Amino acid sequence: DRTHFINVIWNLLDNAVKYSKDQVDICVRTSDDDKLLQLSIQDTGIGMAPDQLGKIFHKFYRIPTGNVHNVKGFGLGLHYVKNIASAHKWKLHCDSKEGQGSIFTLSIPHAKTNL
């Protein structure tokens, strides 16, 4: 679904910008083989602690920052991304280190064709 695919990519890029430090540095990578298309979005932003990684795809979850949320949002974006990935049988994975940034990788299997 083109619309949802664009929204997924937009959300991941938007988060990479919103959670970056003063200098925004984002790397988008793709790879493709006979079975899988992979898209990775890597940032050098604030990153996440290991205990937060298991929660980031939950509806309304936001990384706790005390009483101040200098990043606008409702905690719905990554939940949406995860649901779209699951509905299309894509895999979504996040690697992150607090203070060093995050990498979100979307793995999309090629459609089977009978030529």
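The values are calculated or read from the model by the stated rules, or taken from the named source; none is laboratory data. This structure is a prediction, so every number in the text was calculated from the model and none was measured. Cβ: placed from backbone, ideal geometry, glycine included. Neighbour counts: every protein chain shown. When the accessible area is computed, the model is the full protein with side chains, heavy atoms only, and any ligands, DNA or RNA have been set aside. Shrake-Rupley method; radii C 1.70, N 1.55, O 1.52, S 1.80 Å.
In the range 9-31, of all residues being over 17 Å from Gln100 (Cα atoms) and of a type in the set (Ser, Thr, Tyr), the one that is farthest from the chain's Cα centre (by Cα) corresponds to Ser31. Considering Ser107, Ser20, the condition of being open to solvent by less than 60 Å² (accessible area, probe 1.4 Å), modelled with pLDDT of 95 or more and of a type in the set (S, T, N, Q) is satisfied by Ser107 alone. Filtering the range 4-31 to residues that are acidic (Asp, Glu) and either in a loop (DSSP other than H, G, I, E, B) or more than 20 Å from Tyr80 (Cβ to Cβ) (or both) leaves Asp22, Asp25. If the condition is being over 18 Å from Ile108 (Cα atoms) and open to solvent by 60 Å² or more (accessible area, probe 1.4 Å), then the range 1-17 contributes only Val17. For the range 32-49, the criterion of a residue being under 22 Å from Ile84 (Cα atoms), surrounded by fewer than 17 Cβ atoms within 10 Å (Cβ to Cβ) and under 12 Å from the mean Cα position of the chain (by Cα) is satisfied by no position. Here Gly75 does not qualify as at positive phi, small (Gly, Ala, Ser) and either open to solvent by 20 Å² or more (accessible area, probe 1.4 Å) or modelled with pLDDT of 95 or more (or both). Taking the condition of a type outside the set (Lys, Arg), at pLDDT 90 or above and part of a strand (DSSP E or B), does Gln52 pass? Considered against the rule, which asks whether it is of a type outside the set (Lys, Arg), at pLDDT 90 or above and part of a strand (DSSP E or B), Gln52 comes out as no. If you check Ser20, Ser31 for being in contact with a Ser or Thr (Cβ under 9 Å, 6 or more places away or on another chain) and without any contact (Cβ under 8 Å) to a residue 12 or more places away in the chain, only one passes: Ser31.
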